[in-house]
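**Student:** Just passing along the structure, written as structure tokens.
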Amino acid sequence: MTMPENSPWVNGQTPATAPWESGGDLPQPCLCDAQEPESRLLALQGFRRWNNLPVCYEGGVKLLLDGAPLRANGVEFLIEDLSWTNGLNLPRIQDPWGNGKAAPEGWFASGMLELGIVIFQSRWVGRVDPGLNRVAIQKPDQDILFNVNDKRGTYGDNGGSYDLLLRVLD
């Protein structure tokens, strides 16, 4: 996706990570357990795969590894097979940056990219970029979650999914 010249991303206004307030109690996240990746090479490199992560849970997706919540000091990951829509008959979103605009107040992660994917924990959120991402986790003793950045209260009309390949770096 080529970002327009007036994109907040191009202008450097969208942070890679930021402090975050959930704005109250979040709904329960969807729990998703990892699988072995299809590629033997990726498995040998320590990657795990989460297939068809849903985009309709306002509480996001809590990653499980062998049935336990994923916690780490650092992770490396990429998004694959991203295709979702945030309403009926709207264009499909196929880029982790969403529409490339900074989300206003009232969105899951205000200040991050509208309709983009975010990685988050209690009081911390990070932008997900296309390609390989390397993130130092702010709170290694807390669960790691992902979500699409949509307007609060509107997740019910979302459809589609994405896949996640991730390995723990610590």
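**Student:** Can you give me the accessible area per residue for the chain, using a 1.4 Å probe, in Å²?
**Tutor:** For the chain, the solvent-accessible area averages 50 Å² per residue.
**Student:** GNM on the chain, C-alpha springs below 10 Å: top fluctuator among R134, R48, R123?
**Tutor:** For the chain, modelled as a Gaussian network with Cα springs under 10 Å, the answer is R123.
**Student:** Now, a different point. Each residue of the stretch 102-111 in order: what ³J(HN,Hα) in whole Hz does its phi give by Karplus 6.51 cos²θ - 1.76 cosθ + 1.60, θ = phi - 60°, with x for Gly and Pro?
**Tutor:** 6, 6, x, 4, x, 9, 3, 10, 4, x
**Student:** In debye to the nearest 20, how big a dipole does the chain give about its Cα centre with +1 on each Lys and Arg Cβ and -1 on each Asp and Glu Cβ?
**Tutor:** 180 debye
**Student:** Next question, about the same structure. Once phi is turned into ³J(HN,Hα) by the Karplus curve 6.51 cos²θ - 1.76 cosθ + 1.60 with θ = phi - 60°, what whole-Hz value does each residue of the stretch 137-152 show in order, with x for glycine and proline?
**Tutor:** After applying 6.51 cos²θ - 1.76 cosθ + 1.60, I find 6, 6, 10, x, 8, 10, 5, 9, 10, 10, 7, 8, 8, 10, 5, 4 Hz.
**Student:** Please tell me the relative contact order of the chain in percent, rounded to the nearest whole number, where contacts are Cα pairs under 8 Å and at least six residues apart.
**Tutor:** It rounds to 33 percent for the chain.
**Student:** When the accessible area of the chain is split by element with a 1.4 Å probe, what percent falls to carbon and sulfur?
**Tutor:** Result for the chain: 48 percent of the exposed heavy-atom area is carbon or sulfur.
**Student:** List, largest first, the extents of the alpha carbons of the chain along their principal axes, each in whole Å.
**Tutor:** 41, 33, 31
**Student:** Excluding residues fewer than 8 places away in the same chain, name every one of the lysines whose C-alpha is closer than 18 Å to that of K151.
**Tutor:** K101
**Student:** Give me the tail of P(r) for the stretch 33-88 as a percent: Cα-Cα pairs with distance above 16 Å.
**Tutor:** 54 percent
**Student:** Another question, then. At a Cα cut-off below 19 Å, give the lysines reachable from K62, other chains included and same-chain residues fewer than 8 away excluded.
**Tutor:** Result set, ordered by chain and number: K139.
The values are calculated or read from the model by the stated rules, or taken from the named source; none is laboratory data. This is a predicted model, so every value here is computed, not measured. Positions of Cβ are backbone-derived with ideal geometry, glycine not excepted, and every protein chain shown enters the neighbour counts. Accessible surface is based on the protein model in full, side chains and every heavy atom, while ligands, DNA and RNA are left aside. Shrake-Rupley method; radii C 1.70, N 1.55, O 1.52, S 1.80 Å.
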